[in-house]
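Asks: I'd like to ask some things about the structure below.
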Amino acid sequence: MQPNPTNLGTQQSMSRLKRVISTDDACKVYNNFANLPRARFASHILTLPCIIHHVQVVKQRQTSMNHHTYDVQAVGLRPIRIIAQEELKECMGLTRSPYALIHLWDGKLLDYLEADNAIAGYKVLMKLEKPFIALMLQRLPEGGYKRICTSHFVIALANGPASIVNSEITTLDIVA
């Protein structure tokens, strides 16, 4: 009987994660996500559970009449290029950037029926290692965030499992 390639890949990913992430850290990841509230919308404010990656560098590459292209570096993510419809303030890590990239949290990732939170945590980490569609946000002076409109999906990728474990897991208020 041939081994199922999907199960073999999952087993290899699980083994790799167990070598680099402690059982305690895997449990921490699972428990942090399990305690997040669901997304909600009230009084023109969208509250989203997410992983927030604070932007350290925004460098403009190109400008045309309808869009601006930027290289962006955020904590815990590989560098990415975005195309925004509005002009962004360039940042080079010297001051606190008003921008963040967020990975929206999907509560379905906790649908693993495992007796052990560590095993469930490793499975969540396997999902979070994959590329994801990020939202770019700008912090508002009066509190909360607003979404930066981009011309294309912003595809982001974590630097690795350790950066996921050390990520800031929170809820953010986005003003509509």
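Here is a yes/no grid of residues against (1) within 18 Å of residue 149 (Cβ to Cβ); (2) in contact with a strand residue (DSSP E or B) (Cβ under 6 Å, 6 or more places away or on another chain):
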| site | (1), (2) |
| --- | --- |
| 70 | yes, yes |
| 78 | no, no |
| 91 | no, yes |
| 98 | yes, yes |
| 110 | no, no |
| 124 | no, no |
| 127 | no, no |
| 130 | no, no |
| 135 | yes, yes |
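Asks: Pick from segment 145-176 the residues that are over 30 Å from residue 66 (Cβ atoms), in contact with a Leu (Cβ under 9 Å, 6 or more places away or on another chain) and part of a strand (DSSP E or B): which of them is least open to solvent (accessible area, probe 1.4 Å)?
Replies: Going residue by residue through segment 145-176, those that are over 30 Å from residue 66 (Cβ atoms) are 158-171.
Then keep just the ones that are in contact with a Leu (Cβ under 9 Å, 6 or more places away or on another chain); that gives 158-159, 161, 163-165, 167, 169-171.
Keeping just the survivors that are part of a strand (DSSP E or B) gives 158, 169-171.
Values: 158: 11, 169: 41, 170: 35, 171: 54 Å².
For segment 145-176, the residue satisfying everything is 158.
Asks: Restricting to segment 66-79, give me the number of residues that are under 28 Å from residue 164 (Cβ atoms) and surrounded by fewer than 19 Cβ atoms within 10 Å (Cβ to Cβ). Step through it out loud before you land on a result.
Replies: Restricting attention to segment 66-79, the residues satisfying the condition of being under 28 Å from residue 164 (Cβ atoms) are 69-79.
Restricting the remaining residues to those that are surrounded by fewer than 19 Cβ atoms within 10 Å (Cβ to Cβ) gives 69, 71, 75, 78-79.
Counting residues in segment 66-79 that are under 28 Å from residue 164 (Cβ atoms) and surrounded by fewer than 19 Cβ atoms within 10 Å (Cβ to Cβ) gives 5.
Asks: Residues in segment 53-65 that are surrounded by fewer than 20 Cβ atoms within 10 Å (Cβ to Cβ) and either in contact (Cβ under 8 Å) with a residue 40 or more places away in the chain or assigned to a strand (DSSP E or B) (or both): how many? Write out each step before concluding.
Replies: Just the residues of segment 53-65 that are surrounded by fewer than 20 Cβ atoms within 10 Å (Cβ to Cβ), to begin with: 54, 56-57, 59-65.
Narrowing the set further to residues that are either in contact (Cβ under 8 Å) with a residue 40 or more places away in the chain or assigned to a strand (DSSP E or B) (or both) leaves 54, 56-57, 59-63.
The total comes to 8.
Asks: Of all residues being modelled with pLDDT of 85 or more and assigned to a loop (DSSP other than H, G, I, E, B) in segment 96-130, which is most open to solvent (accessible area, probe 1.4 Å)? Just the residue, please.
Replies: Only one residue fits best here, namely 130.
Asks: Something else now. Based on what the data block shows, is residue 142 of a type in the set (Asp, Glu), open to solvent by 50 Å² or more (accessible area, probe 1.4 Å) and modelled with pLDDT under 90? So that I can check it myself, show each step before the final result.
Replies: Details: of a type in the set (Asp, Glu): yes; open to solvent by 50 Å² or more (accessible area, probe 1.4 Å): yes; modelled with pLDDT under 90: yes.
In short, yes.
Asks: Could you look through segment 22-46, keep only residues that are under 27 Å from residue 176 (Cβ atoms) and in contact with a Leu (Cβ under 7 Å, 6 or more places away or on another chain), and pick out the one that is most open to solvent (accessible area, probe 1.4 Å)?
Replies: From segment 22-46, those under 27 Å from residue 176 (Cβ atoms) are 32-33, 35-46; that's our starting set.
Among the residues that remain, those that are also in contact with a Leu (Cβ under 7 Å, 6 or more places away or on another chain) are: 33, 39.
Values: 33: 4, 39: 62 Å².
So, considering only residues that are under 27 Å from residue 176 (Cβ atoms) and in contact with a Leu (Cβ under 7 Å, 6 or more places away or on another chain), the one most open to solvent (accessible area, probe 1.4 Å) is 39.
So that you can scan it fast, the table gives a plain yes or no per residue for (1) within 15 Å of residue 50 (Cβ to Cβ); (2) modelled with pLDDT of 90 or more; (3) of a type outside the set (A, V, I, L, M):
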site: 132; (1), (2), (3): yes, yes, yes
site: 156; (1), (2), (3): yes, yes, no
site: 161; (1), (2), (3): no, yes, yes
site: 164; (1), (2), (3): yes, yes, no
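One line per residue, one yes/no per condition, for (1) aliphatic (A, V, I, L, M); (2) more than 17 Å from residue 158 (Cα to Cα):
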residue: 83; (1), (2): yes, yes
residue: 88; (1), (2): yes, yes
residue: 91; (1), (2): no, yes
residue: 107; (1), (2): no, yes
residue: 115; (1), (2): yes, yes
residue: 130; (1), (2): no, no
residue: 141; (1), (2): no, yes
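The values are calculated or read from the model by the stated rules, or taken from the named source; none is laboratory data. What you see is a predicted model; the values in this text were computed from it and never measured. Quick reminder, even Gly has a Cβ in these numbers, built from the backbone with ideal geometry, and neighbours come from all protein chains shown. For accessibility, only protein heavy atoms count, side chains too; no ligands or nucleic acids. Shrake-Rupley method; radii C 1.70, N 1.55, O 1.52, S 1.80 Å.
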